[in-house]
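**Q** Quick one: structure below, then a few questions.
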Amino acid sequence: MTGVVEAAGISKWYGEVLGLNGFSASFGPGITGLVGPNGAGKSTLFKLLIGQLHPDQGTLRLLGENPWNNVPVKRRLGYCPEHNTLYGWLTGQQFVEALLRLDGMPRSQAEKAAEDALKLVGLSSAAQRPTRTYSRGMRQRAKLAQALAHRPEILILDEPLSGADPLARVQILRTISEFAKAGGHVLMSTHVLYEIERVTNNIVLINNGKAIASGDIRSIRALIDEHPHAVRLETPQPRQLAQALARMDHIVSLEIPEDEALLVRTRKPDAFYRELPAIVADTRLEVRGLESPDDSLDAVFRYLVG
Amino acid sequence: MSISLPTYTRREMPLLGRRHRVRAIITTGLRREFKRPAVLVVIGIGVGVTIITSIVVVLFAGVFLQGQPLDLSFFFTPASNGAILFFVTLMASVVGSALIADDLQSMALTLYLSRPITEGDYLAAKAAILAPMISMIAVFPLVLTPLVAALLGSFSWTIALEAIGLSFLIGSLFTAFYTAATLALSSLTRRKSYAAAGVFALTFGLTIPAEILAGPPFNNPAVLYASPWENYLAVARAAFGATGAPIDWRWSLAILLAATAIAALATYLRMKFVEVVSG
């Protein structure tokens, strides 16, 4: 096992509810996005990684070590939980400082490091306000500040952009990128796919407690290309066009979702795009537009999870 | 418009040991408790009432305690002050019941345990927050009373110093029991109100029935062993040399110590295996 995170056949039950179901994946250095819908098992995986849950089955390694109740490995990670865990009576500065002191940082250094971290996430002006007065985006940034203020090797961020306003998103993503550029590893979860695409191509797709795909987004696209690929054609003559396209041997299905549209599924998208112009020219059918619902990561995900 | 943001750089820094990390939890906890009006009220009224009643007993011993010899056994009277039981229970409920339950509910425990601390560190810090607060009612007034009595000339310094030492020991025993029991209850639930109800049940749910069953017509003093307060009274009575104990102080001491140890161990095991689950 050589990755930053190595999971092999991890299962976790909550009573009769299955949180993770034989989850296997390897996360390399840099930024990795864990993408899945709510309830997919993302938070469970993160709790396992920070050693607060114990897997019922399987092997898990974080930075080469078993994270369960592993105090030394906790020194090397920064964790930003999804849910609101701020003590509202503490100011932003006190909140970050208190958690830094839990790392064993001397008071004077903690004060300075907290100031730096709050500045990094754009919260300097609100540092002396109680966190109960913060907006949700500000709380997210305060939580990110405490996660990275002690200079960890790996950041584990559970939905770090949840509820953040546009400026906060820019600051959070910028901070994450800078952290990775400085040699840190980041594992961040989201159910909003385009957010991941802005900072990394490395993703792990998770659903129902299982890793359904992992690797570079382009590899996942290649995986998709082995499966039916959807193309939507805007045409006033969908039936005639469907008849013409049916001659292609790689067409899986043809569907007329609307009066002037044709949805084609093909196993060979490259061949389809190459052959389509000739067919349209030969049959003299009008095609006004063409789009692939598969073009976004969102579509990749929808396809893979069915 | 361009946005200029600071950049992240990594640097190594020396870290302090476990003691400092535990102290950080205590500081955060105390900072919170001393901002809560309910805590300040309980501390103010609890410490005030127990001290005033104890000193009034000293000042007017001749009136209130006719026939009570002015020796070491006199100090069983302030030690058996019912206000101690009431305010210790109140303090344990107001402060202690929330110490772990709130962290479980708010998921703050997730943040704590994502740091390089152990469950033992966490519990030690929580105990260090609660125990001094309980001892302000269970120890401080008991220690102050012989001191005031000696300063007023009502007792010799020899007796007063002995009483101070014994008061400290039995007050600490009572503090340790309530600290361990309250943290155990707090660790079992995410709702501090449930833990607070448990503390009241532990005190009054055991003491009142035990006292009823121990008296006529039931006359079964053995049930007093079920009450922490009655066990404490039996130990205090023996320590100060007071007479009239309905139960054996040795068993009472053993029960209090064992209950404290079991509660502490159960809390530790609970925290060791607690699985912090979010939605």
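Where a number appears in this text, it was derived from the coordinates with a stated rule and is not lab data. In this text, all values refer to a predicted model and were calculated from it rather than measured experimentally. Cβ coordinates were reconstructed from backbone atoms using ideal geometry, including for glycine residues, and neighbour counts include every protein chain displayed.
**Q** Return the calculated 222 nm mean residue ellipticity for chain A, to the nearest 500 deg cm²/dmol, obtained by summing -39500 (n - 2.57) across DSSP H runs with n ≥ 4 and dividing by the residue count.
**A** Computed ellipticity for chain A at 222 nm equals -11000 deg cm²/dmol.
**Q** With n ≥ 4 as the cut-off for DSSP H runs, can you work out [θ] at 222 nm for chain B, using -39500 (n - 2.57) per run divided by the number of residues, rounded to the nearest 500?
**A** Counting only the DSSP helices, I get -22000 deg cm²/dmol.
**Q** How high is the relative contact order of region A:5-222, in percent, with contacts defined as C-alpha pairs under 8 Å that are six or more residues apart?
**A** Once divided by the residue count of region A:5-222, the mean separation gives 29 percent.
**Q** Over the alpha-carbon set of chain B, divide Rg by the Kirkwood Rh and report the Rg/Rh ratio to two decimals.
**A** The Rg/Rh ratio comes out at 1.08.
**Q** May I ask you to sort A:Asp282, B:Asp121 by Cβ crowding, counting other Cβ atoms within 10 Å and putting the fewest first?
**A** By the 10 Å Cβ count, ascending, the order reads A:Asp282, B:Asp121.
**Q** What does the charge add up to near A:Pro81, with Lys and Arg as +1, Asp and Glu as -1, over the other residues with Cβ less than 13 Å from its Cβ?
**A** +1
**Q** Another question, if that's okay. Based on the Kirkwood radius over alpha-carbon pairs, what value in µm²/s does the Stokes-Einstein equation return for the translational diffusion coefficient of region B:167-279 at 37 °C and 0.692 mPa s?
**A** 216
**Q** Could you calculate the FRET efficiency of A:Ala271 with A:Val17 from 1/(1 + (r/R0)^6), where r is the beta carbon distance between them and R0 is 60 Å, rounded to 0.05?
**A** Calculated value: 0.85.
**Q** In percent, what relative contact order does region B:175-279 have, based on Cα pairs under 8 Å that are 6 or more apart in sequence?
**A** Relative contact order here is 31 percent.
**Q** Check which residues have an amide H placed less than 5 Å from A:Gly19's amide H, if you skip close sequence neighbours.
**A** Answer set, sorted by chain and number: A:Lys12, A:Trp13, A:Tyr14.
**Q** GNM on chain A, C-alpha springs below 10 Å: top fluctuator among A:Ala242, A:Ala180, A:Ala168?
**A** Comparing A:Ala242, A:Ala180, A:Ala168 in the GNM, the peak value goes to A:Ala242.
**Q** Here is a further query. Using a 10 Å cut-off around each Cβ, can you sort A:Ser177, A:Ser189 from fewest to most neighbouring Cβ atoms?
**A** Ordered by Cβ neighbours within 10 Å, fewest first: A:Ser177, A:Ser189.
**Q** How large is the dipole of chain B about the Cα centre if only Lys and Arg carry +1 and Asp and Glu carry -1, each at its Cβ, rounded to the nearest 20 debye?
**A** Here chain B has a charge dipole of around 1160 debye.
**Q** Can you give the Rg to Rh ratio for the protein assembly as shown, taking only C-alpha atoms and Rh from Kirkwood?
**A** 1.17
**Q** Give the calculated FRET efficiency between B:Leu269 and B:Asn219 to the nearest 0.05, with a Förster radius of 41 Å applied to their Cβ-Cβ distance.
**A** 0.55
**Q** Using only atoms on other chains, find how many Cβ atoms lie within 10 Å of each Cβ of peptide B:99-111 and report the average.
**A** Other-chain Cβ atoms within 10 Å of each residue's Cβ, averaged: 4.
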